[in-house]
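Here is the structure we will look at, set down as structure tokens.
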Amino acid sequence: MKDQTTGSNPLSPLTRRNFLKAAGAVMILPRSAWAGTGRASASNRITLGVMGWGMIGPSNTKSFLAEGDCQVVAACDLDKNRLQTAVDTINGHYGNKDCAVYHDYRELLARDDIDAVMIAIPDHWHALVATAAANRKKDIYGEKPLAKTVAEQQAIVKAVEQNNVIWQTGSWQRSLPNFHKAAEIVRNGLIGTVTRVEVGLPDGHYDFAGNEPAFLKKMASLPNAPTSPAQVVPGTAAWKLAVTEPPPEIDYERWIGPSQYEEYIECRVHLNWRWNYNTGGGQLLDWIGHHGDIAHWGLGFDLSGPSEIEGHGEFPPTTAIWNTATKYRIECTYRKEVTHYPGDVAITIAGGYPEIKSGTKWIGTDGWVWVDREKFDASNPEWVKGDSLPDNLRKVKLYESLNHQRNFLDCVKSRKPTITPVQTAHHSTLPGHLGLISMLVGRKLQWDVAEEKILNDSAASELLSRPYRAPWRLA
Ligand SMILES: NC(=O)c1ccc[n+]([C@@H]2O[C@H](COP(=O)([O-])OP(=O)(O)OC[C@H]3O[C@@H](n4cnc5c(N)ncnc54)[C@H](O)[C@@H]3O)[C@@H](O)[C@H]2O)c1
């Protein structure tokens, strides 16, 4: 497949959104300017490049394809097969052959006629690509968790704010009515003063890529054959069997990118990279941007964070193929000095503790409310009924969005914040990062919420960032 980094541009080089940005405009366009036939004229469309065609990239892209004022003009991936599927899907939708193909995200970002990008690549790549995109003035739909480390998140926040670009995080639960209703119940004080919140996340490792059975079959003839990649460590016969040449369709050298170089093992690359701390953050970081994000939303903590964090986890050997925590529990204290609450608020984040149910549960002095995907319960059965609270209870009305990708496009045009802007994503993810660091160093952490630094613990502070493999550098 040939890269098309230049070539004729079907769209105006100064697209509508770039024009608004260049003019420093903050006006909101009337919907009629975009509505009508269902497809905006070419010069009015937001041009989008999509990066990463794995689990979530395709579904994000399909939502963008469905919007008439958005034109997906480019796709980028390091796996040729996946890239081909992306291009076929996009071109199939439009009935043309216009989608440009990129292997190197920098070439896609170099195009002046691309307004916005959707980034759905593994966590270890988020910071490099997102900061480069912001520096190229692209508006960004980026995935959760914001980045692999706290320092990388801070770099993304800085780049997005300095360049004044729109950011939407893939924390799409905020665009669903049941999560919105739960958060409004809490924000309107219906459960009284919140004292405690429980955030239940998954435990263990899920074989998202579906390659664990083949892996185990390969191991079956070994004496003491492993029953999970989490048992396989370097220097063993099982490890030797696990390591292979990368398949020709993947540029593995680039895929591993800024992370430490590791031999290719299929079940820690596509999708299952989550279970290896070199590239992902386990279930904790995979999910903190969902139920942890919702916990913060209900509390109004989008710009706040925990002052004290104590995490405990159970881990496979650190060098195992899958080495992320299989079970974890993090106790966070949000001090009243850094929130608008009259007292401290305790948040427990746990995976593998059945008493902490999946989802988000806020407990207050006058009641409680619990929400999970397609699940809802509350101390007052009246609150359970319907998609939203009765209007008389909604003195505080939270941001409303019923479609996360649509909300992004609307904000690209209006230049107003999305429902999950970059600071929100940063703060929603912090308890996950800090909880993981506490688990790894084996002690309680003190976090300075305003200065964003760990107090009096140099070993823990070192884990706020990570070394990059040359030649990659986070500017
Ligand atoms: N919001 C959600 O509900 C949700 C769901 C799943 C995943 N995610 C997030 O989306 C991101 C991607 O996860 P996934 O499960 O889709 O991963 P995946 O492994 O299935 O797909 C990632 C794709 O990115 C490509 N890629 C890797 N590095 C790249 C680079 N430098 N340039 C271009 N392409 C590159 C890979 O080749 C792969 O095809 C992660 O951050 C994940 O946490 C969010």
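Only the coordinates and a few stated rules stand behind these numbers; no lab work does. Quantities reported herein were computed from a predicted structural model and do not represent experimental measurements. Heads up, the Cβs are rebuilt from the backbone with ideal geometry, glycines too, and the neighbour counts pull from every protein chain shown.
Considering only DSSP beta bridges where both residues belong to the chain, give the percentage that are antiparallel (nearest 5). So the antiparallel bridges amount to about 55 percent of the total. Remark: the Cα gyration tensor places the chain in the oblate category, a/c being 1.5 or greater and a/b not exceeding b/c. Taking the Cα of LEU455, stepping 7 Å toward and past its beta carbon, and measuring to each backbone N in region 297-315: which are under 19 Å? Counting only backbone N, you get 304-311. Length available on full extension from SER41 to SER388: 0.36 nm per residue minus the Cα-Cα distance, which gives 121.3 nm.
The modelled label-to-label distance between LYS80 and ASN188, using points 7 Å beyond Cα along the C-beta direction, is 5.7 nm. For region 318-350 and region 215-268, write down the distance between their C-alpha centroids in whole Å. Between the Cα centre of region 318-350 and that of region 215-268, the gap is 32 Å. Across the chain, the mean sequence separation of Cα contacts (distance under 8 Å, 6 or more residues apart), normalised by length, yields a relative contact order of 19 percent. Converting the Cα gyration tensor eigenvalues of region 212-274 into ellipsoid dimensions via √(5λ) gives semi-axes, longest first, of 22, 12, 11 Å. Placing a label point 7 Å from the Cα of LEU303 along the Cα-to-Cβ line, the residues of region 403-424 whose backbone N sits under 17 Å from it are 416-424.
Under a cut-off of 19 Å between alpha-carbon atoms, report the lysines in cross-link reach of LYS395, not counting same-chain residues fewer than 8 places apart. Partners within reach: LYS181, LYS385. Couplings 3J(HN,Hα) for region 196-206, derived from phi with the Karplus relation 6.51 cos²θ - 1.76 cosθ + 1.60 (θ = phi - 60°), are 8, 9, 10, 10, x, 10, x, 10, x, 10, 9 Hz, where x marks Gly and Pro.
Of the complete DSSP H runs in the chain, those spanning 24 angstrom or more by Cα along the long axis with a mean Kyte-Doolittle score not below -1.0 are 422-441. Taking a straight Cα-Cα cut-off under 30 Å and skipping sequence neighbours fewer than 8 places away in the same chain, the lysines within cross-link reach of LYS158 are LYS21, LYS62, LYS137, LYS138, LYS144, LYS148, LYS336, LYS397, LYS413, LYS416, LYS444, LYS453.
Distant-in-sequence amide contacts of GLN71, defined by a placed amide H-H separation under 5 Å and a gap of 5 or more residues or a different chain, comprise ILE46, THR47, LEU48. Taking other C-beta atoms within 10 Å as the exposure proxy, THR333, THR193, THR149 rank THR193, THR333, THR149 from fewest upward. Could you let me know the centre-to-centre spacing of region 98-138 and region 392-428, using Cα atoms, in angstrom? If you average the Cα positions of each part, the centres end up 22 Å apart.
Of all lysines in the structure, the ones whose alpha carbon falls short of 20 Å from that of LYS218, not counting any fewer than 8 places away in one chain, are LYS240. Subtracting the Cα-Cα distance of ASP448 and ASP251 from 0.36 nm times their residue separation leaves 66.9 nm of extension gain.
Spacing of the modelled spin labels on ASN91 and LYS375, each 7 Å from Cα toward Cβ, amounts to 4.5 nm. The packing ranking, built from the mean of other Cβ atoms within 10 Å per residue, places the peptides 72-84, 389-401 in the order 72-84, 389-401, highest first.
Distance between the modelled labels on SER465 and THR365, one decimal in nanometres: 4.4 nm (7 Å Cα→Cβ projection).
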